[in-house]
Amino acid sequence: MSIALVLSGGGACAAYFGAGVAQGLADEGLRPTVLSGTSAGGLNAGLLAAGVSPAQLVELWISVQGHDVYKPRLDLWRLLRPAGLVRLPTSDLMGYALDSVGWTWLLDTAPARRTLTTVLGGERLRITPDVQVVVAAVEECSGEVVHFTNSAPAGSGFTEVPLTVDHLMAGAAAPILFPPVEIDGRRYVDAGMVANTPLQPALAYQPDTVVVVTSSCGRQAGTPASLGDALGLAFENVARFAVLRDYEHTREVGELRPGSGPRLVLVEPTDEFEVSGFARFDPDVARTVVAHGRERARAALATVTSGG
């Protein structure tokens, strides 16, 4: 039975939850040979494809802190844009204020690059021959969605390349928060913000079973308490909606045409599970979310292992 693992984005919690789900699959003796992800899910997909075991992935996320992922920008001289300041303000004060800011992203992700390179033992992803991985990113200027992969199915339109840390970083470059990543002269950002879902690329490999992971552990009963909460909720809402929309569509097609598609297994946090912090990398939070992902995966996968 061939298994695909589809991992959505959603910041730090999505990374933690996805790692927990991967460990849950391993607990049941299941090894995905197709991995598809976007944003934080793309990081997990790439690491697993490169031979990082689920246990090692869990250890990575429960040891990583914020300074291992990003740092403040130091080029304060670029914060204000002279060309925007010299013109006189008009009634459009908001436009004037925005045009006067020279920064187009807020946090430097050089630490994340170092962390990934250390874990992988270099820039290149050494993927075993029986594993296919797809990482989605968006070309910044054109808005074109690009699916980078180590092995493209015929007619898929995917971009087959030797995958590197750059591809993982590009897929997780959340606009405004993190800088775009340049690959072969083109700049790429996180695909999640154009409602791209990693489910459809996984289906191109025709797996028997698809485990779809979506994180909603940052959802809150009240209003966001900070700009970080607000941005995190926005990113998560887009990522979760995209995955669930494609999941429901694929499931409905399967019901209309029995036997025409793979078995789908959805794994997501329980409604009452709440952990805030899109870019909050905290070991204690990581342990809690990983454990929840592992538990939810084992419960959902019981139907697969039992043949039900």
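Taking interchain pairs and intrachain pairs at least six residues apart, which have beta carbon atoms under 8 angstrom, with the first residue in the range 52-70 and of a type in the set (Phe, Trp, Tyr) and at pLDDT 95 or above and the second assigned to a helix (DSSP H, G or I) and open to solvent by less than 20 Å² (accessible area, probe 1.4 Å)? Listed pairs, sorted by first residue: TRP61/ALA15; TRP61/TYR16; TRP61/ALA19; TRP61/ALA286; TRP61/VAL290. Quick check: is even one residue across the range 157-168 assigned to a strand (DSSP E or B), out of contact with any His (no Cβ under 8 Å at 6 or more places or on another chain), open to solvent by 20 Å² or more (accessible area, probe 1.4 Å) and over 25 Å from GLN56 (Cα atoms)? Among the residues of the range 157-168, at least one is assigned to a strand (DSSP E or B), out of contact with any His (no Cβ under 8 Å at 6 or more places or on another chain), open to solvent by 20 Å² or more (accessible area, probe 1.4 Å) and over 25 Å from GLN56 (Cα atoms), which makes the answer yes. Contact map, the range 123-149: residues that are under 15 Å from SER36 (Cα atoms) paired with residues that are open to solvent by 80 Å² or more (accessible area, probe 1.4 Å), Cβ distance under 6 Å, separation 6+ or inter-chain. Pairs shown: THR149/GLU160.
Within the range 108-152, the set of residues being open to solvent by 20 Å² or more (accessible area, probe 1.4 Å), touching a strand residue (DSSP E or B) at 6+ places or on another chain (Cβ under 8 Å) and farther than 18 Å from GLY192 by Cα comprises ASP108, ALA110, GLU123, ARG124, ILE127, GLN132, ASN150, SER151, ALA152.
For every residue, the table says whether it meets (1) in contact with a helix residue (DSSP H, G or I) (Cβ under 8 Å, 6 or more places away or on another chain); (2) among the β-branched types (Val, Ile, Thr).
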{"site": "VAL145", "(1), (2)": "yes, yes"}
{"site": "PRO162", "(1), (2)": "no, no"}
{"site": "LEU168", "(1), (2)": "yes, no"}
{"site": "ALA173", "(1), (2)": "no, no"}
{"site": "ILE176", "(1), (2)": "yes, yes"}
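Against the numbered list (1) open to solvent by 10 Å² or more (accessible area, probe 1.4 Å); (2) of a type in the set (S, T, N, Q); (3) not in a helix (DSSP H, G or I), GLN23 comes up short only at (3). Considering only the range 270-282, I want to know if a residue exists there that is part of a helix (DSSP H, G or I) and either at pLDDT 70 or above or open to solvent by 50 Å² or more (accessible area, probe 1.4 Å) (or both). No; the residues of the range 270-282 include none that is part of a helix (DSSP H, G or I) and either at pLDDT 70 or above or open to solvent by 50 Å² or more (accessible area, probe 1.4 Å) (or both). Among the residues of the range 156-179, those identified as closer than 19 Å to ASN44 by Cα and at pLDDT below 95 are GLY171, ALA172, ALA173, ALA174, PHE178. Screening ALA4 on (1) out of contact with any Leu (no Cβ under 8 Å at 6 or more places or on another chain); (2) assigned to a strand (DSSP E or B); (3) among the hydrophobic types (A, V, I, L, M, F, W, C) shows it passes everything except condition (1).
If you filter the range 205-236 down to residues that are open to solvent by 40 Å² or more (accessible area, probe 1.4 Å) and hydrophobic (A, V, I, L, M, F, W, C), you find that the one that is modelled with the lowest pLDDT is ALA221.
Could you please give the count of residues in the range 42-57 that are open to solvent by 20 Å² or more (accessible area, probe 1.4 Å) and either hydrophobic (A, V, I, L, M, F, W, C) or part of a helix (DSSP H, G or I) (or both)? Qualifying residue count for the region: 6.
The values are calculated or read from the model by the stated rules, or taken from the named source; none is laboratory data. Just so you know, these numbers come straight off a predicted model, no measurement behind them. Cβ: placed from backbone, ideal geometry, glycine included. Neighbour counts: every protein chain shown. Accessible surface is based on the protein model in full, side chains and every heavy atom, while ligands, DNA and RNA are left aside. Shrake-Rupley method; radii C 1.70, N 1.55, O 1.52, S 1.80 Å.
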